[in-house]
1. Quick test for you: out of Lys290, Lys330, Lys303, pick the one residue that is closer than 27 Å to Ser3 by Cβ and of a type in the set (Lys, Arg).
2. Which pairs have Cβ atoms under 6 Å, sit 6 or more apart or on different chains, and link a residue in the stretch 2-18 that is closer than 15 Å to Leu155 by Cα to one that is surrounded by fewer than 17 Cβ atoms within 10 Å (Cβ to Cβ) and of a type in the set (Gly, Ala, Ser)?
3. For the stretch 280-293, how many residues meet the condition of being among the hydroxyl-bearing types (Ser, Thr, Tyr), over 15 Å from Thr31 (Cα atoms) and either within 19 Å of the chain's Cα centre (by Cα) or assigned to a helix (DSSP H, G or I) (or both)?
4. Let me confirm something: among Val212, Val247, which residue is modelled with pLDDT under 90, on the phi < 0 side of the Ramachandran plot and either among the β-branched types (Val, Ile, Thr) or surrounded by fewer than 13 Cβ atoms within 10 Å (Cβ to Cβ) (or both)?
5. Only one of these is modelled with pLDDT under 85, small (Gly, Ala, Ser), under 30 Å from Thr312 (Cβ atoms) and surrounded by 13 or more Cβ atoms within 10 Å (Cβ to Cβ): Ser183, Ser252. Name it.
6. Can you go through Thr233, Thr152, Thr178 and tell me which one is surrounded by fewer than 18 Cβ atoms within 10 Å (Cβ to Cβ), farther than 30 Å from Lys12 by Cβ and not acidic (Asp, Glu)?
7. Residue by residue through the stretch 311-336, note down the ones that are crowded, with 19+ Cβ neighbours inside 10 Å, in contact with a Ser or Thr (Cβ under 7 Å, 6 or more places away or on another chain) and hydrophobic (A, V, I, L, M, F, W, C).
8. If only one of Ser282, Ser291 is modelled with pLDDT under 85 and out of contact with any Ser or Thr (no Cβ under 9 Å at 6 or more places or on another chain), which one is it?
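The values are calculated or read from the model by the stated rules, or taken from the named source; none is laboratory data. Every value quoted in this text rests on a predicted model; they were computed, and no experiment measured them. Quick reminder, even Gly has a Cβ in these numbers, built from the backbone with ideal geometry, and neighbours come from all protein chains shown.
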Amino acid sequence: MNSVKLEYSKSKIDKAGDQLKDQATTDANRTKALDILSNWRDVHATSLGTFAKILKTRSRKINNAAIVAQRLKRTPSIVLKLKNHKTMRLSAMQDIGGIRSILETTEMVYQLLNLYKKSKSKHDLFSMDDYIESPKKDGYRGIHLVYKLKKTPSLFIEIQLRSQLQHIWATGVEVFGTLKNSSFKSGHGSQKWLDFFQLLSSVFALKENHTVLNQHKSVSKAELIKMLKNIITELQVVDNLNVYTAVYKIISEKTEKGRQGHYSLILLNSRENTISLKTYGSSQYEIAAKSYLKLEQEHFNDKQINIVLVNTGDLKKLEESYPNYFMDTKTLVRNLSMIMLDKFI
């Protein structure tokens, strides 16, 4: 794809971020702010594609079945992050352009991390966070690498490395967030559900021979599993997943004949229980981006509509890469069922 030209100064980008998080912003100002955000987000796309190719090559050296996907951060996620971090500027946000590698085991994750540590790059490794050995308080695990690109304007690309179990946990949080209309990943919502995800994170960690969360370190393995089973029963987690996610219907709009799907625009409608999917060829990024912006403008204040533009390079891997956007919880349910039957660990 051709590189996208930045049309606005960083001061205008930051002002747009301020307007988007301000509920008192007029419709006209919000529309302009969304235009600015969309352009700034699109500027990340070219570099994101280059980083994704490198990540795919390195991931397949470690794990041939590794899944690599890329996405541009959704507007609601950007706005929520700006609201939660009062001093953050839109122009300095580090995960607008994000790529992810999902490998079978945590051992493979660390092997891939070592490849990055040993490899030279013309870009600066701005930060590295190991959320496997030092998980977030909510239970999130994975490794995040943030690169600051040596180009003008300066921008960041985030790389996430996860094991399959860590990916199941993270996407499960998003699926339940959609079902319960709460941002569990930001620490909002029912404390019982937050407790469930923390317990699940620790039990998944035991399966992978890694440390449990701090609040669970004084609890035995048997007691931890018992606590998780109790809360799964109390919240009827498996039943909730099976009932709610089964009603979602996928509406797919195919690309023109002869074009290989490359970009996928997904609209998850929790009100009508539908998932609309439109795919675009590798040369159709600008068309996809315009459609993305139009949908975000139309549904800006609708919390029951989730829209995202993603790229896996392989449509067959799309649902596996982003099960949360397809309300696909089969793998999570299978693991929870094994826990309930004492067959997980």
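1. Numbers: Lys330 fails: closer than 27 Å to Ser3 by Cβ; Lys303 fails: closer than 27 Å to Ser3 by Cβ.
Matching residue, one of Lys290, Lys330, Lys303: Lys290.
2. That search, which allows pairs on different chains as well, returns nothing.
3. We begin by selecting, within the stretch 280-293, every residue among the hydroxyl-bearing types (Ser, Thr, Tyr); these are 280, 282-283, 285, 291-292.
Narrowing further to those that are over 15 Å from Thr31 (Cα atoms): 280, 282-283, 285.
Applying the additional criterion that residues be either within 19 Å of the chain's Cα centre (by Cα) or assigned to a helix (DSSP H, G or I) (or both) yields 285.
So the count comes out to 1.
4. Details: Val212 fails: modelled with pLDDT under 90.
Sole residue among the options that is modelled with pLDDT under 90, on the phi < 0 side of the Ramachandran plot and either among the β-branched types (Val, Ile, Thr) or surrounded by fewer than 13 Cβ atoms within 10 Å (Cβ to Cβ) (or both): Val247.
5. Details: Ser252 fails: surrounded by 13 or more Cβ atoms within 10 Å (Cβ to Cβ).
Criteria check complete, one pass: Ser183.
6. On the way: Thr152 fails: farther than 30 Å from Lys12 by Cβ; Thr178 fails: surrounded by fewer than 18 Cβ atoms within 10 Å (Cβ to Cβ).
Of Thr233, Thr152, Thr178, the one residue that is surrounded by fewer than 18 Cβ atoms within 10 Å (Cβ to Cβ), farther than 30 Å from Lys12 by Cβ and not acidic (Asp, Glu) is Thr233.
7. Leu318, Met327
8. Working: Ser291 fails: modelled with pLDDT under 85.
So the residue among Ser282, Ser291 that is modelled with pLDDT under 85 and out of contact with any Ser or Thr (no Cβ under 9 Å at 6 or more places or on another chain) is Ser282.
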